[in-house]
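Student: What follows is a structure written as structure tokens; I'll ask about it next.
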Amino acid sequence: MSSAVPTEPSGLEFYLVVAPGLEDLAARELRAWAPELKPEVGRGGLTIQCELARGLGLNGCLKIPTRILVRIADFSARDFPKLFKKISNLEWSRWIGDDRPVVFKASSHASRLFVKKRIEETCLDGRKSYLKKKSRPLPVEGEPITVYVRLADDVCTVSLDTSGDRLHKRGHRELSSDAPLRESIAAALLWFTEGQGENAPVELVDPMCGAGTFFLEASGLKAPVDSRDFAFASWGGSEVASADVPSKCESNDLYASFVGFDIDQKAVTSAKKNWESTGDRRPLRVIEGSFFDAENLPPTDVRRWLVCNPPYGERIGVEGKLSVFYEKFFAAVAEKIRPERACFLLPDRARPNELKLPRVWKKVSMLRLSNGGLPVTALLVRT
């Protein structure tokens, strides 16, 4: 077993952490930004081989992954002395400057070494030994670099977190609302609704838009992220140069305009201010008041799609039985919006597969995932 991940022309190994259930959508997004990469899809993430600059640059364009790790070492470790020796002999300076503090986060499965705290302490001692050989003290000040140490079947994989803050933090949303949807899930649902090979313009509608998460994600879905920094920028290693961010997404930006509704005045204000923060000049209209009391949207000369994360009856309550509320909501959507496609994120306890749909709707697909720890299903329909 080698002590370091190879750096031959095939490149380094990167692992894109993805919320379970969204792996196939994340692979589709990756192929749209970097068609030359061939992801291996697994539960909870994608594995790819690419050059360092290319892998680092994926932080600047992908919207579905939650973070990106680069694997820098891979070795067997059946006892703590072996783990200590391997960590102390790693070529840390290739990746991390000697003046940068690190924090180790361990996980273990089916391995002789299973006490996470001791694994982390041993790795920190190994890093300290490495620096001692260079007559350098162990740094304690500054933002630490996160190093993930994973033991599985007595094999230890050491990975660096290239992202820093989770990637769903885009850097532009200023205000939130009750029960906000994580941006990475919103991005995934937009890819889910879009399908493949689309190019005609679309008006996107969210009848319960909150602070406008779907609009914000649609705004930047096919554009690089330029409003935040990533962890790798401060590593200071000898081989870490600038990132190669893909400049163009192979999938078209479909959205021409946006319409939202929300009963809460604060949410409406937040949605408008968040949209202003993006600098996007496409038209956005947010209507205050209950969607059930709203007037029908007038016909439009572009296609109209709907994506919505309606309340689950928990943090935001609903009147009556949840399934009855959703069926009433579907009927109102069919009458007032008449979308060509509609995607709803619904809690599994409402049994989405059994809900009565308007007669003009046809079920296209269902996708199971977790939202805030709750099992949910994305239901996609079309007329």
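Student: Would you mind telling me which residue in Cys343, Cys156, Cys209 has the biggest mean-square fluctuation in a Gaussian network model of the chain, where springs connect alpha carbons within a distance under 10 angstrom?
Tutor: Result: Cys156 has the largest fluctuation of those listed.
Student: Using +1 on the beta carbon of Lys and Arg, -1 on that of Asp and Glu, and nothing else charged, what's the dipole of the chain about the Cα centre, debye to 20? Before the final figure, lay out the partial values.
Tutor: On the way: 56 positive and 51 negative charges, 178 e Å.
That gives the chain a dipole magnitude of about 860 debye.
Student: Moving on to the next point. How many angstrom lie between the C-alpha centres of the range 369-383 and the range 81-130?
Tutor: Measuring centre to centre over Cα atoms gives 39 Å.
Student: Still on this structure: Ranked from highest to lowest mean number of other Cβ atoms within 10 Å per residue, what is the order of the peptides 41-52, 257-268?
Tutor: Details: 41-52: 17.2, 257-268: 20.0.
Ranked from most to least packed, the peptides come out as 257-268, 41-52.
Student: Another question about this same structure. Please report, in debye to the nearest 20, how large the charge dipole of the range 39-96 is about its Cα centre when each Lys and Arg carries +1 at its beta carbon and each Asp and Glu carries -1 there.
Tutor: On the way: 10 positive and 5 negative charges, 31 e Å.
Result for the range 39-96 is approximately 140 debye, rounded to the nearest 20.
Student: Here is a follow-up. Which of these, Val115, Val17, Val155, has the largest mean-square fluctuation under a Gaussian network model of the chain (Cα springs below 10 Å)?
Tutor: Val115
Student: For the chain, take every pair of Cα atoms, bin their distances at 10 Å starting from 0, and report each bin as a whole percent.
Tutor: Spelled out per bin, shortest first, that is 5, 22, 28, 21, 14, 8, 2, 0.
Student: I'd like the carbon and sulfur percentage of the solvent accessible area for the range 90-236, probe radius 1.4 Å, heavy atoms only, ligands and nucleic acids excluded. Working shown, then result.
Tutor: Details: 3040 of 6530 Å².
Summing carbon and sulfur atoms, their accessible area is 47 percent of the total for the range 90-236.
Student: Scan the range 182-265 for trypsin sites (Lys or Arg not before Pro) in coil per DSSP, keeping those whose Cβ has at most 11 other Cβ atoms within 10 Å, and list them by number.
Tutor: Numbers: sites: Arg182, Lys222, Arg228, Lys248; in loops: Arg182, Lys222, Arg228, Lys248.
Here the trypsin sites (Lys or Arg not before Pro) that fit, given the DSSP loop and packing criteria, are Lys248.
Student: What residues qualify as long-range amide H neighbours of Ile145, i.e. H under 5 Å apart, gap of 5 or more or another chain, H built at 1.01 Å from N?
Tutor: The list, which skips near neighbours in sequence, is Val102, Val103.
Student: Going by average Cβ neighbours within 10 Å, how do the peptides 199-206, 354-361 rank, with the highest at the top? It would help to have the intermediate numbers written out before the result.
Tutor: On the way: 199-206: 20.0, 354-361: 12.8.
In decreasing order of mean packing, 199-206, 354-361 become 199-206, 354-361.
Student: Tell me which of Ile87, Ile48, Ala26 sits at the most positive position along the dipole axis of the range 1-144, charges placed on C-beta atoms (Lys, Arg +1; Asp, Glu -1).
Tutor: Going by the Cα projections, it comes out as Ile87.
Student: I would also like to ask the following. Which values, in whole Å and largest first, are the semi-axes of the equivalent ellipsoid of the range 211-331 obtained as the square root of 5 times each eigenvalue of the Cα gyration tensor? Walk me through the numbers on the way to the answer.
Tutor: Working: eigenvalues 257, 73, 41 Å².
In descending order, the three semi-axes are 36, 19, 14 Å.
Student: Still on this structure: For the chain, what is the mean residue ellipticity at 222 nm derived from helices alone (per DSSP H run of n ≥ 4: -39500 (n - 2.57); sum divided by total residues; nearest 500 deg cm²/dmol)?
Tutor: Numbers: 8 runs with 92 residues, N = 383.
Mean residue ellipticity at 222 nm (helix-derived): -7500 deg cm²/dmol.
Student: If you don't mind, there's one more thing I want to ask. Counting Lys and Arg as +1 and Asp and Glu as -1, each charge on the Cβ, what is the dipole of the range 307-383 about the Cα centre in debye, to the nearest 20? All intermediate terms of the calculation are to be shown ahead of the outcome.
Tutor: Working: 14 positive and 7 negative charges, 53 e Å.
Its charge dipole is roughly 260 debye.
The values are calculated or read from the model by the stated rules, or taken from the named source; none is laboratory data. None of these values were measured; they are calculated from a predicted model. Glycine also receives a Cβ, built like all others from the backbone with ideal geometry; neighbour counts cover every protein chain displayed. Heads up: the accessible areas ignore ligands, DNA and RNA and are worked out on the full protein's heavy atoms, side chains in. Shrake-Rupley method; radii C 1.70, N 1.55, O 1.52, S 1.80 Å.
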